Amino acid sequence: MRIIIAGGHGKIALLLEERLKSGAVGIVRNPAHVADIEATGAEAVVCDLERATVEEVAAIAQGADAVVFAAGAGPGSGAARKDTVDRAASVLLADAAERAGVRRFIQVSSMGAGRAPQGGDEVWAAYITAKTEAEEDLRARDLDWTILRPGRLSDEPGTGLVRLAPEVAPGAVPRDDVAAVIAALLEAPGTARTTLELVSGDTPIKAAIGTE
């Protein structure tokens, strides 16, 4: 499989690339990040999704089996970049997938998306709003999309045990387990057109997805 990963230098993306090795292509904005991606065994492509055209991104996606949107503006960014990255870059990648004929699309969203922002500040509200609008855009498309909403992310070692369902109680989940779930979803076409929330639990990942 050839999997295109937007946000290729993010923590979840790097863990996913380590799993997929030569099957992964990580999209990065900063050329200095290429070596980190290549160290996982994956390929890196430099492309700024805040500035690229649909044609440029479609050329990267051409011939791919799936695309994964794992990009995010990241901590310290303001409300404006939550929109240009967490929403607009997802829309751009979906446009490019359609143009390139790539039907499988996995979007990494966030628990809290799909609801009015609760608590937090203006930037948090902008983040949840951007994730919600990116989900809504994807649901309107004729793609085999799966939306994954992880809970609070940690850098603890993955356990391989999760709770994965359309709605779960809030909780935390290691980034390593998020990457493992994405890898399993890529092998699970039956999860297309579903929205799944993810936290740590007591069910093995393949069993939670229904591929075991």
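Quick one: order GLU133, GLU187 from most to least accessible surface, probe 1.4 Å.
If we order GLU133, GLU187 from most to least accessible, we get GLU187, GLU133.
Specify the residue with the greatest mean-square fluctuation among ALA71, ALA172, ALA42, computed from a Gaussian network of the chain linking alpha-carbon atoms under 10 Å apart.
In the Gaussian network model the winner is ALA172.
Starting from the 7 Å offset along Cα-to-Cβ, what nm value, one decimal, do you get for the label separation of GLU122 and GLU38?
Taking the two extended label points, one gets 4.2 nm.
Could you compute how much accessible surface ARG175 exposes when probed at 1.4 Å, giving the result in Å² to the nearest 10?
The value for ARG175 is about 50 Å².
With θ set to phi - 60°, apply the Karplus curve 6.51 cos²θ - 1.76 cosθ + 1.60 along segment 103-110 and write out the HN-Hα couplings as whole Hz, x wherever there is a Gly or Pro.
8, 7, 9, 10, 10, 8, 10, 7
Can you tally the lysine pairs in the chain where the Cα-Cα distance is under 21 Å and the two residues are eight or more apart, or on different chains?
For the chain, qualifying lysine pairs total 5.
Which of GLU17, GLU50, GLU135 ends up with the largest GNM mean-square fluctuation for the chain, with Cα atoms connected below 10 Å?
Result: GLU50 has the largest fluctuation of those listed.
Largest first, how would ARG19, ARG87 line up by accessible area (1.4 Å probe)?
ARG19, ARG87
At 1.4 Å probe size, with the rest of the protein present, what percent of the exposed accessible area of the chain is carbon and sulfur atoms?
Using a 1.4 Å probe with all protein chains present, the chain comes out at 51 percent carbon and sulfur.
At 222 nm, what helix-only mean residue ellipticity would the chain give, in deg cm²/dmol to the nearest 500, using -39500 (n - 2.57) for each DSSP H run of four or more?
-10000 deg cm²/dmol
Provide the per residue accessible area, probe 1.4 Å, for the chain, rounded to a whole number of square angstrom.
Heavy-atom SASA per residue in the chain reads 44 Å².
Give the Debye-formula value of log10 I(q)/I(0) at each listed q (0.14, 0.15, 0.16, 0.17 Å⁻¹), with one equal scatterer per alpha carbon of the chain, two decimals each.
-0.77, -0.90, -1.05, -1.20
Binning every alpha carbon pair distance of segment 1-95 at 5 Å from zero, what are the percents per bin?
3, 15, 27, 26, 18, 8, 2, 0
Which of rounded, prolate or oblate describes segment 148-194 when judged by the alpha-carbon gyration tensor and an a/c cut-off of 1.5?
Oblate, since a/c reaches 1.5 and b/c is not below a/b.
So, with +1 on the Cβ of K and R and -1 on the Cβ of D and E, and no other charges, what is the size of the charge dipole of the chain about its Cα centre, to the nearest 20 debye?
180
What does the charge dipole of segment 6-87 about its Cα centre add up to, to the nearest 20 debye, if the Cβ of each Lys and Arg holds +1 and the Cβ of each Asp and Glu holds -1?
With Lys and Arg at +1 and Asp and Glu at -1, about 280 debye.
Between rounded, prolate and oblate, where does segment 117-206 land on the alpha carbon gyration tensor, with a ≥ b ≥ c its root eigenvalues, rounded for a/c under 1.5, else prolate if a/b exceeds b/c?
oblate
Would you tell me the accessible area of MET1, worked out with a 1.4 angstrom probe on the heavy atoms of the protein chains, in Å² to the nearest 10?
Here the accessible area works out near 110 Å².
In whole angstrom, how far apart do the alpha carbon centroids of segment 150-196 and segment 5-56 sit?
20
To the nearest 10 square angstrom, what accessible area does GLU56 show with a 1.4 Å probe?
Surface accessible to solvent at GLU56 totals approximately 100 Å².
The values are calculated or read from the model by the stated rules, or taken from the named source; none is laboratory data. This structure is a prediction, so every number in the text was calculated from the model and none was measured. All Cβ positions, glycine included, derive from the backbone under ideal geometry; neighbour counts span all protein chains shown. What goes into the accessible areas is simple: the full protein's heavy atoms, side chains included, and nothing from ligands, DNA or RNA. Shrake-Rupley method; radii C 1.70, N 1.55, O 1.52, S 1.80 Å.
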